Each structure stands twice: as structure tokens, then as C-alpha cells.
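First the structure, which I've put down as C-alpha cells, then a few questions once you've had a look.
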Amino acid sequence: MTADPVLLVQMLILLMVIGALAGVLAGLLGVGGGIVLVPAFFYAFTALGYDGPQLMQVCLATSLATIIVTSVRSVMSHNKKGAVDWDILRSWAPGIVVGAVIGVLVASQLRSVTLQFVFGFLALVIGAYMGLGRAEWRLGQAMPKGGLRALLSPAVGFLSVLMGIGGGSFGVPLMSLFNTPIHRAVATAAGFGITIAVPSVIGFLLLPIDTAHRPPFTIGAVNLIAFFIVIAMTLLTTPIGVRIAHAMDPKPLKRVFAVFLTLVAVNMLRKAIGL
């Protein structure tokens, strides 16, 4: 497995910056790393010349691999404060796992450009909710059970894998809309992230990627360099984001991030259609 030393150094520097920013944003705004990492990986790998038809699969898989580590840390931290709703997590986990597995099967068959469209569209939806959503909005007084849960839980897993994200971007709004207190929603959504990431990463590790188009040190669709660097940098910078969040009101920053995410989504769609 060989790589141009100059490109490798450039890749290391880019990934360090990406990991540092993702960590700060995660601590500051409580957003999952994937919503930042996937487009950042895409632009970094493209700039380095790895713009193949399966590039988005590499970005999704590597992002999900980092989510395993960050979600486990988050669940352990939240559980010490008694914030994780284990009843919700246990009852929703099977459906989420099924959706995640289906998501891997679908994503493995799609071209990178199609996954760009999917990410861009769903990121627009998430950005609109972050920017325009209201804390008092409700769809019900308790999390759904029965048929509605059987429909929604696989959807959370499926859509999350197609975006390479954990449980926060879909799980937190969903639980909030069904009257779950925000601190319990954030804590429990971290558990959603584990149930999404573990089965999907196993699947992506088995996905063959053309060696001519994949970044160096990639197993299946997971790039090991990006994985380890991002994990190391987020461990260092997430506490910085947390300190900033406690020192100022994060609500205006969420509006700013919603605008940023919308711009990222629009740019991803622009690239997908070749403009």
C-alpha cells in the first residue's frame, strides 16, 4: 500500500484541521460530527485527487466509524448523570439497526453523485429545522409505539447511514417533537448513534473500493488515517467547544450553523449536478 509522501502530509494536515473543527462544533452546538465530517472529508479527498465514483461511500463509512467512539463516550458521560432514557433506546434500537443495515446495502449500490444529492437534500432539511424550528413544537406527548415506531425507527437508521451521521440530527428533533426533554433527547440520541454506526461500519468494512480511487490506508470503505486523526483531534477540541458554550448563549450560534449547513448542502448539490 503506497502513497505520495507530499499528498500524505497534505492529507494529514487537512484531517487535523477537520477533526479540530468538528470537535469544537460538537462541544459548542451539540451537533453530531458526521454532519460536519462527511462534507469535510469529501472536499479534502477531492482536493487530494481521490474523486472516484465511490468517494461518498468512503466519506460516509469513515464518518460512521468515528461516531462509534464518540457515541460510546457520550453515552457513558450522559449515563453518569442519569440522562439516558434506556426504555426508549432499547425499544427503538432493533428498528434502527434494521434501517442501518438496509442503508448500507442501498448506499453500496449508489454512485457517489447520487449520495451527494441525498446528503445535500437531507442537510437542507436539517438546516431548516435548526434555523426555523421551535422548542415548543409537538407531534405527541410521548414517543410512538407499535406501528408508528416500527416505521420511524428504521427510517432513522436508514437516513442516518445515507448521510454518514449518528443519532443526533434526526433523533433529537424526533424525540423533542414527542415531548422528550431536550437533555434526555440528546443523551438518548447518542445511544441511537451506536446502534446506527456499529452495524453500518461492519458492512462498509466489507465493501470493495477501487484501489485507483481510494485514499491510502483504506480498509473496505473506512479510511484509517482519517478515523484516527479525527478521533484524536476531537478528544482535544470538544472540551474547548463545551467551555465556549457555557460562556455564551449557543442559540444564536445554532442559527449561524444552520446557515452554514444550508450553504454546505447547496454546494454539495451544486457539485452533484456538475456546476
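The values are calculated or read from the model by the stated rules, or taken from the named source; none is laboratory data. From a predicted model like this one, the values you see are computed outputs, not experimental measurements. Here the Cβ is made from the backbone with ideal geometry for all residues, glycine too, and neighbour counts use every protein chain on show.
Can you name the number of the only condition in (1) farther than 30 Å from residue 50 by Cα; (2) outside any helix (DSSP H, G or I); (3) in contact with a helix residue (DSSP H, G or I) (Cβ under 9 Å, 6 or more places away or on another chain); (4) at pLDDT below 95 that residue 142 fails?
That leaves (3) as the condition not met.
Given (1) in contact (Cβ under 8 Å) with a residue 40 or more places away in the chain; (2) outside any helix (DSSP H, G or I), identify the lone condition not met by residue 238.
Condition (2) is where residue 238 drops out.
Taking residue 63 as the residue in question, decide whether it is of a type in the set (S, T, N, Q), crowded, with 24+ Cβ neighbours inside 10 Å and under 11 Å from the mean Cα position of the chain (by Cα).
yes
While we're on this one: Would you call residue 193 touching a Gly at 6+ places or on another chain (Cβ under 6 Å), modelled with pLDDT under 95 and not in a helix (DSSP H, G or I)?
Here the answer is no, as residue 193 does not meet what is asked.
Against the condition surrounded by fewer than 19 Cβ atoms within 10 Å (Cβ to Cβ) and modelled with pLDDT under 85, how does residue 243 come out, does it pass?
yes
Give me the pairs, please: first residue somewhere in segment 248-269 and farther than 19 Å from residue 42 by Cα and without any contact (Cβ under 8 Å) to a residue 24 or more places away in the chain, second residue anywhere and among the aliphatic types (A, V, I, L, M) and surrounded by 15 or more Cβ atoms within 10 Å (Cβ to Cβ), beta-carbon distance under 9 Å, and either six or more positions apart or on two chains.
Short answer, once both residue conditions are applied: none.
Can you pull out every residue in segment 100-135 that is in contact with a Lys or Arg (Cβ under 9 Å, 6 or more places away or on another chain) and of a type in the set (Val, Ile, Thr)?
113
Also: Which condition breaks for residue 189 when tested against (1) free of Cβ contacts under 8 Å to residues at least 12 places away in the same chain; (2) within 30 Å of residue 142 (Cα to Cα)?
(1)
Quick check on this structure: which one of 58, 17, 69, 98 is touching a strand residue (DSSP E or B) at 6+ places or on another chain (Cβ under 8 Å), farther than 19 Å from residue 173 by Cβ and not in a loop (DSSP other than H, G, I, E, B)?
Answer to the check: 58.
Search segment 103-148 for residues being in contact with a Ser or Thr (Cβ under 8 Å, 6 or more places away or on another chain) and of a type in the set (Val, Ile, Thr), and hand back the single one that is farthest from residue 271 (Cα to Cα).
So, considering only residues that are in contact with a Ser or Thr (Cβ under 8 Å, 6 or more places away or on another chain) and of a type in the set (Val, Ile, Thr), the one farthest from residue 271 (Cα to Cα) is 104.
Then there's this: Within segment 210-225, is even one residue under 28 Å from residue 9 (Cβ atoms), at pLDDT below 85 and part of a loop (DSSP other than H, G, I, E, B)?
For segment 210-225, residues under 28 Å from residue 9 (Cβ atoms), at pLDDT below 85 and part of a loop (DSSP other than H, G, I, E, B): present.
List pairs: first in segment 84-96 and touching a residue at least 24 places away in the same chain (Cβ under 8 Å), second among the small types (Gly, Ala, Ser) and not in a helix (DSSP H, G or I), Cβ under 9 Å, 6+ apart or cross-chain?
Qualifying pairs under 9 Å: 96/167.
Sticking with this structure for a sec: Would you mind stating whether residue 159 is closer than 19 Å to residue 196 by Cβ, in contact with a Leu (Cβ under 8 Å, 6 or more places away or on another chain) and modelled with pLDDT of 95 or more?
yes
Moving to a separate point now. For segment 66-99, name all the residues that are of a type outside the set (A, V, I, L, M) and surrounded by fewer than 19 Cβ atoms within 10 Å (Cβ to Cβ).
Listed by number, the residues that qualify are 73, 77, 79, 80, 81, 82, 86, 87, 90, 91, 94.
Collect the residues in segment 196-209 that are in contact with a Ser or Thr (Cβ under 6 Å, 6 or more places away or on another chain) and part of a helix (DSSP H, G or I), keeping them in residue-number order.
196
Name the pairs whose Cβ atoms lie under 9 Å apart, with the first residue in segment 130-155 and more than 22 Å from residue 35 (Cβ to Cβ) and surrounded by 10 or more Cβ atoms within 10 Å (Cβ to Cβ), the second modelled with pLDDT of 90 or more and charged (D, E, K, R), and 6 or more positions between them or separate chains?
Sorted first by the residue in segment 130-155, then by its partner, the pairs are 143/85; 143/87; 143/149.
Quick check on segment 75-87. Is at least one of its residues within 17 Å of the chain's Cα centre (by Cα) and part of a helix (DSSP H, G or I)?
Yes: one or more hits.
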